[in-house]
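Have a look at the structure below before the remarks.
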Amino acid sequence: MNEDFKVTPWEVSGEIDYDLLVEKFGTRKIDADLIDRLSRYAEPHPLLKRGVVYSHRDMDWILDRYEAGEPFYLYTGRGPSGNTHLGHLMPWIFTKYLQDTFKVPLYFQLTDDEKYLFNDNLELKDTRDMAYQNLLDVIALGFDPELTKIFIDTEYIHSLYPLALKVAKRITFSTARAVFGFDNSNNIGSIFYTSIQAAPAFLGSVLAGKNVPCLIPCGIDQDPHFRVARDIAPTLGYYKPALLHNKMFPGLQGTDKMSSSQPNSTIYTTDPPKLVRKKIMSAFTGGAVSVEEQRKSGGKPEICSVFKYKLYLFEKDDQKLAELYDRCRKGEILCGECKKGLADVIVPFIEEHQRKREEAKERVEEFMLRDCGGT
Ligand code: TRP
């Protein structure tokens, strides 16, 4: 078994064994029955069918409540440490599918405090500015302004703080250390921080004045925060938040996670379209060393980042994806052609996104959750 990888909210590295994570974290795999159940509401999203959104906590309970006439709200977020890249968009695209399907509110947290505390190279001004840049990408995806409320921690803190305090009082240092691996060298802000990320899991209940189930779509790396939130929920008198976990979005250079520290393996939403094409054309693939060799023995789609991009987001047609897999294995299609196919989908996607992102600049106020004077 490969245990040589790391997945925490602040570090993802190595070759991730996602099944092992389910075991270690104690979550449940999304199975055919759950997908069946979800398909009663809408055609299940390709990310679900293809196992990218692959794990959950209490999703059946969320649907039970929903069916009993008790709708939930969605909560997700973003740590504004840099420009938005495709890896960030993926869970938000999935979140939008959930909002469209269930017509429920979404609270979106921008954790400028977190990225300041956990990153030696960033000032608070940097992470605040970046929060505004990032929220344009959220708005650009087309969330319903009636149902979607975005907040930036250092701005909204007045409202969030009373709730964060109630959370913080129930988490001991010993728990935080065990869950997050803190030691004596961590600054004390980072130890408190989990209460800030946990609080919005109850914010919908506080603002509604009654207990409202909360569903959090997020990367599996964020699960530790919500494990803690779930443990303390009963003592606060709230429901435990439910979760849907996605796998990390792969990098273009064959790494398991698209990461801002490797610019060539990362497609930013603000990249000029030409650069996007260039990055894709130099992506890591599962091709053989020579054309002849590849014609003879075929490529390896299972390790190919270009194939993964199509699987994750950019080839919606299951049939076409299966054909591509087959043709690659048989050496019938070469990497150049395949990369070009991907660029021809991603470039227009980015261009369209950039147009909507410009429009979003006029719409920020519509989406902001403003200080209500304390929860
Ligand atoms: N910590 C997350 C990040 O670094 C941001 C975040 C805050 C978040 N609240 C969340 C992510 C809820 C998922 C769900 O990106």
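The values are calculated or read from the model by the stated rules, or taken from the named source; none is laboratory data. Every value quoted in this text rests on a predicted model; they were computed, and no experiment measured them. As a convention, Cβ positions derive from the backbone with ideal geometry for all residues, glycine included, and neighbour counts pool all protein chains shown. These area figures cover heavy atoms from the full protein model, side chains too; ligands, DNA and RNA do not enter into them. Shrake-Rupley method; radii C 1.70, N 1.55, O 1.52, S 1.80 Å.
Surface composition of the chain: carbon and sulfur make up 50 percent of the accessible area, probe 1.4 Å.
Rolling a 1.4 Å probe over the heavy atoms of the protein chains gives the stretch 105-207 an accessible area of 43 Å² per residue. With the simple spin-label model, which puts each label point 7 Å out from Cα in the Cβ direction, the Arg363 to Ser13 separation comes to 4.0 nm. Extension gain, Glu123 to Lys316, is 65.5 nm, computed as 0.36 nm per intervening residue step minus the present C-alpha separation.
Starting from the Cα-Cα distance between Asp344 and Asp183, subtract it from 0.36 nm times their residue separation and give me the gain in nm to one decimal. Please report the intermediate quantities before stating the final value.
On the way: separation 161, 0.36 × 161 = 57.96 nm, distance 4.75 nm.
Residue separation times 0.36 nm, minus the Cα-Cα distance, leaves 53.2 nm.
Filter the cross-link list Lys149/Lys274; Lys103/Lys247; Lys278/Lys300 down to pairs whose alpha-carbon distance in this structure exceeds 29 Å. From the list (Lys149/Lys274; Lys103/Lys247; Lys278/Lys300), the Cα-Cα distance tops 29 Å for Lys149/Lys274. What is the diffusion coefficient of the stretch 160-267 in µm²/s, taking the Kirkwood radius over Cα pairs and the Stokes-Einstein relation at 4 °C with a viscosity of 1.567 mPa s? Value of D from the Cα-based Kirkwood radius: 84 µm²/s.
Quick one: length gained pulling Thr101 to Ala208 fully straight, 0.36 nm per residue minus the C-alpha distance?
On the way: separation 107, 0.36 × 107 = 38.52 nm, distance 2.13 nm.
Computed gain between Thr101 and Ala208 is 36.4 nm.
Shape index of the chain: Rg/Rh, with Rg the Cα radius of gyration and Rh the Kirkwood radius from the inverse mean 1/r over Cα pairs, equals 0.97. Over all Cα atoms in the stretch 263-359, the spread is summed up by Rg and Dmax: 14.2, 50 Å.
Counted as membrane-span-like here are DSSP H helices of the chain whose alpha-carbon atoms extend 15 Å or more along the helix's own axis and whose Kyte-Doolittle mean is -0.5 or above; these are 86-102, 124-140, 153-168, 188-198, 223-236.
Residues in the stretch 263-359 average 54 Å² of solvent-accessible surface per residue, probe 1.4 Å, ligands and nucleic acids excluded.
With viscosity 1.306 mPa s and temperature 10 °C, the Kirkwood radius over alpha carbon pairs of the stretch 95-170 converts through Stokes-Einstein to a diffusion coefficient of 114 µm²/s.
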